[in-house]
Amino acid sequence: MRENKSDSSLNAREYTSPLLDSLRGSSRSAGPSRWEFLTELKRNFPEQTILGSGDLFTAHDCLRMLAITGVDGVTVARGAIGNPWIFEQAQALADGHPLPPPPSLFQQRDVLSRHWQLAETLYGPKRTGAMMRKFGIKYSASHPGGTAVRQAFVRTRNQNDWESVLAEWYSEDLPGVYPTAEAHQVAGSGNNG
C-alpha cells in the first residue's frame, strides 16, 4: 500500500504491484512471509479476491492464514513439496472434519513412484535423478524413519537407486507421520504466529 495516496489515485502498476506481492505476503521468497501485509491488503481491498501464500507447511497453517489475514484463499508452494497430501488435509479441516491420518508408507511409495515416472516423461532419464533427489529428501519427512530415509535419498543418482530406496524403506505398509513445519522450511524462512 502506498502512503499519502487515496485508493482511487492508484494507477494499474501501483495497484497490481502489491497484489502480486501478496501471493507470498512479501516481494521476495527469502525470509518469513509477512501475513500482516495480507491482512492490510484485504482490509483495503475487501471486494477483491486475495489469495495468500507463504510459510504454509501444514494444513493447520492454511486455515490459520485464512483466519488471521481474512484472505479469500491460500496457495501452497514449498509446503506441498514432498507433501502433496497437504491439500486433502486442509480441505478436510476447512470442511469441519478431523485431520486425516498421514499417508501410509504404501501410499507414499505409490506417489513417489508416480512422481518419478512423471518427471522422467517430462525431463528424460538423464535429468530426472538429480532433480528427484531433492524431492525424495522432502518426501522423507512423512516417513517414520525420516532421517535415515533422507540419507538414502541423498545418495540416489538414478532410477535404480530410487527404486532401491523404495524397496528398502517403503516395503512395509506402516503408518506415515505428519511432516513438521521445520522439515519444509529453508534457511531464512519462518512461521508467523
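Data overview
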| read-out | value |
| --- | --- |
| Anisotropy class of segment 105-169 from Cα gyration tensor, a/c 1.5 cut | prolate |
| Order of D110, D161 - criterion: other Cβ atoms within 10 Å of each residue's Cβ, fewest first | D110, D161 |
| Ranked Y123, Y178, Y139, criterion: other C-beta atoms within 10 Å, fewest first | Y123, Y178, Y139 |
| Placed amide H near V74: partners under 5 Å, 5+ positions off or other chain | G52 |
| Computed lengthening from K134 to L66, 0.36 nm per intervening residue step minus Cα-Cα distance | 21.5 nm |
| Residue-wise HN-Hα coupling along segment 54-59, computed from phi with Karplus coefficients 6.51, -1.76, 1.60 (Hz; x: Gly, Pro) | x, 6, 9, 10, 9, 4 |
| In order through segment 73-88: 3J(HN,Hα) via Karplus (6.51 cos²θ - 1.76 cosθ + 1.60), integer Hz, x for Gly, Pro | x, 10, 10, 9, 10, 4, x, 8, 6, x, 9, x, 6, 4, 5, 4 |
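No value in this document is a laboratory result; all are computed from the given coordinates. Keep in mind that what you see is a predicted model, and the values were worked out from it rather than measured. Neighbour counts run over all protein chains shown; Cβ positions are idealised from the backbone, glycine included.
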